[in-house]
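Report on the following structure.
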Amino acid sequence: MGMRVVNLLLAALLLLVQADLWLGRSSLPHVWTLRGELEQQSRDNDSARLRNEQLQAEVADLRAGLEMVEEKARAELGMVKPDEVLVQYTRR
């Protein structure tokens, strides 16, 4: 009789462990769902990272373009900003 109780107790414990594995917070279906969400988030992050790199390149191009326009305006049109003093000299 004592052995039968031990066997039933062990079987109950095994069922509890199995129930947690299949139905609990750390269950296999839950882990599979989280893995799928992680893969989707990784794809979203890669896409956002690529877009950020493109935007950074655009900003750099715009800055370089504006600097070139300003340089040309200074050289060819004599552009001077309001807080600047223009000093010209000639070589002999």
**OP:** Have a look at M79, M68 and point out the one that is surrounded by 10 or more Cβ atoms within 10 Å (Cβ to Cβ) and part of a loop (DSSP other than H, G, I, E, B).
**Re:** M79
**OP:** Hey, can you tell me all the residues within region 18-31 that are in a helix (DSSP H, G or I) and surrounded by fewer than 10 Cβ atoms within 10 Å (Cβ to Cβ)?
**Re:** P29
Subject >> Every pair of residues 6+ apart whose Cβ atoms lie under 8 Å, when the first sits in region 74-88 and is small (G, A, S) while the second is part of a loop (DSSP other than H, G, I, E, B) and surrounded by fewer than 10 Cβ atoms within 10 Å (Cβ to Cβ) >> reply: G78/L86
Original post:
Which one of M79, M3 is at negative phi, touching a helix residue (DSSP H, G or I) at 6+ places or on another chain (Cβ under 7 Å) and modelled with pLDDT of 85 or more?
Top reply: M79
**OP:** Give the residue, chosen from R43, R63, that is at pLDDT 95 or above, assigned to a helix (DSSP H, G or I) and out of contact with any Lys or Arg (no Cβ under 7 Å at 6 or more places or on another chain).
**Re:** R43
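The values are calculated or read from the model by the stated rules, or taken from the named source; none is laboratory data. Note that the structure is predicted; figures quoted are calculated from it, not measured. Cβ sites come from the backbone with ideal geometry, for glycine too, and all protein chains shown count toward neighbours.
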